[in-house]
Amino acid sequence: MLLAQDLAVAKLPVLVFDPLAEAARVAHECKGVMVASSAEDCIARAGVVVLATPWQEFAEIPAATWT
């Protein structure tokens, strides 16, 4: 979540998803960080996606969702 915090401090729009709810804490602490309701929602709303956690649930998202 350090990347999300750094981007938000730089005044860039940040949308995150974290299945362990760490994102909610970061969004609460760092103005400018928004939390998506699901990985698919985050992908659909983002201009750029950074996948920083190699969890299986992300690998199971169909390839067409990423385009």
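Just one of (1) 1.07; (2) 0.93; (3) 1.59 is Cα Rg over 2.2 N^0.38 Å as worked out from the coordinates here. Which one is it?
Evaluating Cα Rg over 2.2 N^0.38 Å on these atoms matches (1).
When the accessible area of the chain is computed with all protein chains present and a 1.4 Å probe, what percentage of it is carbon and sulfur?
Of all accessible area on the chain, carbon and sulfur atoms account for 60 percent.
With r as the distance between the Cβ atoms of SER38 and ALA10 and R0 = 22 Å, compute the FRET efficiency 1/(1 + (r/R0)^6) and round to 0.05.
Using R0 = 22 Å, I get an efficiency of 0.25.
Given H placed on each backbone N at 1.01 Å, which residues far from ASP18 in sequence or on other chains put an amide H within less than 5 Å of it?
Sorted by chain and number, the residues that satisfy this are ALA23.
The values are calculated or read from the model by the stated rules, or taken from the named source; none is laboratory data. From a predicted model like this one, the values you see are computed outputs, not experimental measurements. Here Cβ is always computed from backbone atoms with ideal geometry, including for glycine, and neighbour counts include all displayed protein chains. Quick note on the areas: whole protein, heavy atoms, side chains included, nothing else; ligands and nucleic acids left out. Shrake-Rupley method; radii C 1.70, N 1.55, O 1.52, S 1.80 Å.
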